Amino acid sequence: MKTRAFAVRNRKELLRDPLNLAFALGFPLVVLFLLSALQANIPEPIFPITTLAPGITVFGLSFISLFSGMLIAKDRSTLFLVRLMASPLTATGFIIGYIMPIIPMAIGQSAICLIAALFLGLNLSINVLLVLIVFLPAVLLFIGIGLLAGTLLNDKLVGGICGALLTNLSAWLSGTWFDLDLVGGTFKSVAYLLPFVHAVDAGKATLAGNYALIFPHLLWVTGYAIVILTIAITVFRLKMKNATI
Amino acid sequence: MITAIQTINLTKKYRTRTAVNALNMTVFQGELFSLLGVNGAGKTTTIKMLSCVLSPTSGNAVLLGDSIISNPHSVKNKINISPQETAVARNLSVRENLEMIAGIYGNDKTTAQSKADTLMSLFGLTKAAKDKTKILSGGMQRRLSIAMALITEPKILFLDEPTLGLDVLARRELWAVIEKLKGKTTIILTTHYMEEAEALSDRIGIMSNGELKAVGTVTELMLQTNTNSLENAFIALAAEMGE
């Protein structure tokens with residue numbers, strides 16, 4: 001009951017911010033439509049919808065980090081968190097209350113991106129639904145990044161780190177905007193050390209029905225998600241215990 | 001008189017600074033006790049420790065029989081706080097803010113709705129029930145902030161500079177609300193305004209450099225310092241502390 005009341009508040013705060021909706025939904029959809037329009041005018045398959053759909057979906061998820069991070073950072077900066085810390089809400093309640101409402105939002109955002117892709121030529125099949133499941137570790141990863149950023153940084157820095165750096169990293173290093181083989185070398189190696197391209201490749205393999213190819217990529221994303229979430233939860237608990245949050 | 005709050009050498013130290021030093025203070029049930037002090041005197045740190053937001057470096061405090069060290073969860077169920085700044089959820093309506101806090105303290109939906117109605121009526125917020133708090137005036141936000149602290153029916157209420165930044169009318173409105181609570185709820189109030197402490201308090205504690213330097217009624221403090229107003233008494237004590 002206690003955690004639910006807090007989670008409901010967080011959901012309302014996020015959904016009632018028009019900037020959240022504009023960036024989380026509007027921006028990825030605009031990019032998806034623009035790149036699809038570009039593809040329609042060039043003969044070479046630079047932006048095939050089977051790459052664009054998972055790529056833009058993962059790119060859209062980076063905004064989830066921004067919004068979850070901003071919510072926590074703003075709570076910290078306005079002393080709202082002091083009021084809550086004086087309440088019987090436990091550290092676990094806080095963390096669940098912040099994470100739970102974001103999960104359905106992130107899944108909904110991914111679903112909207114994929115539905116939009118259907119109108120742009122993506123074949124409707126069970127694999128489209130499977131992509132939503134395959135992206136769950138990525139959802140948790142981006143929520144974890146948001147939780148960590150919001151716990152450690154003020155809202156301006158969260159805007160800079162998650163709004164500028166993370167969205168660009170997840171875009172440029174995901175293999176969506178260009179084939180990483182075209183750059184190759186260190187750039188490609190670094191990209192494959194990070195989780196973003198693995199998330200996109202897992203989505204691509206799912207859409208193509210190459211199920212055996214999903215798991216190696218999913219392991220990377222899941223590993224990152226577990227590590228980042230564990231760090232985020234540990235830091236949040238420590239800061240709450242020491243009242244330095 | 002029943003003791004509501006007893007602090008025992010309550011201390012908070014940071015690396016190079018002692019924010020609160022061996023605070024020994026007793027507040028009785030139903031009393032409105034004001035903490036006066038200049039910026040950095042240790043008032044807010046004391047309130048944060050008593051409300052289990054901040055762990056003391058040493059010492060203890062017992063609130064209605066429960067220690068903030070060994071039983072903070074029980075303490076948290078008996079208290080509530082209205083922080084220094086207006087701490088409300090800005091995108092939620094007045095009603096939603098009140099019901100959220102009631103829910104966080106374990107009230108079911110029906111009870112939360114009923115309590116929200118009562119508090120909105122008491123604080124003159126009924127007409128703004130559906131308004132998002134970010135569009136409310138500063139005075140209304142502050143009233144809501146205090147209503148959010150009261151919706152859980154706390155036995156002990158901490159009001160940290162509740163009228164800071166409010167105009168004189170809004171301040172007087174809040175005084176009237178606080179007056180209504182006197183005797184029913186034990187209130188610890190911090191303020192910079194002498195007239196506020198004088199108008200509302202049963203007793204006043206004066207803090208400086210993390211220490212409680214004097215405690216008493218307004219009359220007792222004036223007698224102690226041989227002055228004719230609380231402000232002069234405060235200045236005399238502050239000057240004494242500065243020496």
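The values are calculated or read from the model by the stated rules, or taken from the named source; none is laboratory data. These figures come from a predicted structure and were not determined experimentally. For neighbour counting, all protein chains shown are included, and Cβ atoms are generated from backbone atoms with ideal geometry for every residue, glycine included. Just so you know, the surface numbers come from the protein's heavy atoms only, side chains and all, with ligands and any DNA or RNA stripped out. Shrake-Rupley method; radii C 1.70, N 1.55, O 1.52, S 1.80 Å.
Working carefully through the options B:LEU144, B:LEU166, find the one that is over 21 Å from B:LEU50 (Cα atoms), part of a helix (DSSP H, G or I), out of contact with any strand residue (DSSP E or B) (no Cβ under 9 Å at 6 or more places or on another chain) and not acidic (Asp, Glu).
B:LEU144
Among the residues that make up the range B:174-184, is at least one of them under 28 Å from B:ALA112 (Cβ atoms), part of a helix (DSSP H, G or I) and free of Cβ contacts under 8 Å to residues at least 24 places away in the same chain?
Checked against the condition, which is being under 28 Å from B:ALA112 (Cβ atoms), part of a helix (DSSP H, G or I) and free of Cβ contacts under 8 Å to residues at least 24 places away in the same chain, the range B:174-184 yields at least one hit.
What single numbered condition from (1) crowded, with 20+ Cβ neighbours inside 10 Å; (2) under 28 Å from A:VAL8 (Cβ atoms); (3) in contact with a Pro (Cβ under 9 Å, 6 or more places away or on another chain); (4) away from chain B (no Cβ under 14 Å) fails to hold for A:VAL82?
For A:VAL82, the exception is condition (4).
Can you tell me which residues in the range B:185-208 are more than 14 Å from B:PHE158 (Cβ to Cβ) and assigned to a loop (DSSP other than H, G, I, E, B)?
Correct list: B:HIS192, B:TYR193, B:SER201, B:ASP202.
State whether one or more residues within the range A:40-58 are without any contact (Cβ under 8 Å) to a residue 40 or more places away in the chain, within 14 Å of chain B (Cβ to nearest Cβ) and surrounded by fewer than 16 Cβ atoms within 10 Å (Cβ to Cβ).
No, the range A:40-58 contains no residue that is without any contact (Cβ under 8 Å) to a residue 40 or more places away in the chain, within 14 Å of chain B (Cβ to nearest Cβ) and surrounded by fewer than 16 Cβ atoms within 10 Å (Cβ to Cβ).
Could you grab me the full set of residues in the range B:127-156 that are hydroxyl-bearing (Ser, Thr, Tyr) and over 21 Å from A:LYS12 (Cα atoms)?
Those that are hydroxyl-bearing (Ser, Thr, Tyr) and over 21 Å from A:LYS12 (Cα atoms): B:SER137, B:THR152.
Test B:LEU159 against the criterion of being crowded, with 24+ Cβ neighbours inside 10 Å, over 23 Å from A:LEU15 (Cα atoms), within 14 Å of chain A (Cβ to nearest Cβ) and within 21 Å of the chain's Cα centre (by Cα), and give yes or no.
yes
Sort out for me the helices (runs of 4 or more DSSP H) sitting completely within the range A:67-168 that have 1 or more residues that are modelled with pLDDT under 95 and basic (Lys, Arg).
A:80-85, A:155-158
As an exercise: evaluate B:LEU92 against (1) more than 8 Å from chain A (Cβ to nearest Cβ); (2) out of contact with any Phe, Trp or Tyr (no Cβ under 8 Å at 6 or more places or on another chain); (3) farther than 18 Å from A:SER87 by Cα and give the number of the one condition it does not meet.
Single failed check for B:LEU92: (1).
Take A:PHE67 and decide whether it is open to solvent by 10 Å² or more (accessible area, probe 1.4 Å) and within 21 Å of A:LEU21 (Cβ to Cβ).
Answer is yes for this residue.
Quick check, is A:LEU219 assigned to a helix (DSSP H, G or I) and farther than 17 Å from A:VAL139 by Cβ?
no
Residues in the range A:169-187 that are in contact with a Leu (Cβ under 9 Å, 6 or more places away or on another chain), part of a helix (DSSP H, G or I) and open to solvent by less than 60 Å² (accessible area, probe 1.4 Å): how many?
Residues in the range A:169-187 being in contact with a Leu (Cβ under 9 Å, 6 or more places away or on another chain), part of a helix (DSSP H, G or I) and open to solvent by less than 60 Å² (accessible area, probe 1.4 Å): 2 in total.
Condition (residue is within 18 Å of A:GLY175 (Cα to Cα), assigned to a helix (DSSP H, G or I) and away from chain B (no Cβ under 14 Å)) applied to the range A:12-28: is it met by at least one residue?
There is at least one residue in the range A:12-28 that is within 18 Å of A:GLY175 (Cα to Cα), assigned to a helix (DSSP H, G or I) and away from chain B (no Cβ under 14 Å).
For residues that are within 20 Å of A:LEU84 (Cα to Cα) and open to solvent by 10 Å² or more (accessible area, probe 1.4 Å), scanning just the range B:120-139, find the one that is nearest to the other protein chains (Cβ to nearest Cβ).
Within the range B:120-139, the match that is nearest to the other protein chains (Cβ to nearest Cβ) is B:LYS132.
Please go through the range B:196-224 and pick out each residue that is open to solvent by 20 Å² or more (accessible area, probe 1.4 Å), out of contact with any Asp or Glu (no Cβ under 8 Å at 6 or more places or on another chain), on the phi < 0 side of the Ramachandran plot and not small (Gly, Ala, Ser).
Residues satisfying the conditions are B:GLU198, B:GLU211, B:LEU212, B:VAL215, B:THR219, B:GLU220, B:MET222, B:LEU223, B:GLN224.
Return a yes/no flag: does the range A:110-122 have any residue that is of a type outside the set (A, V, I, L, M, F, W, C), in contact (Cβ under 8 Å) with a residue 40 or more places away in the chain and open to solvent by 20 Å² or more (accessible area, probe 1.4 Å).
yes
Exactly one of (1) open to solvent by 10 Å² or more (accessible area, probe 1.4 Å); (2) under 15 Å from the mean Cα position of the chain (by Cα) is unmet by A:TYR211. Its number?
Checking A:TYR211 against (1) open to solvent by 10 Å² or more (accessible area, probe 1.4 Å); (2) under 15 Å from the mean Cα position of the chain (by Cα), the one that fails is (2).
Could you check how many residues of the range A:214-245 are surrounded by fewer than 14 Cβ atoms within 10 Å (Cβ to Cβ) and basic (Lys, Arg)?
1
Please verify whether B:LEU98 is in contact (Cβ under 8 Å) with a residue 60 or more places away in the chain, within 19 Å of the chain's Cα centre (by Cα) and either within 25 Å of A:MET70 (Cα to Cα) or more than 8 Å from chain A (Cβ to nearest Cβ) (or both), treating the condition exactly as stated.
The answer is no for B:LEU98.
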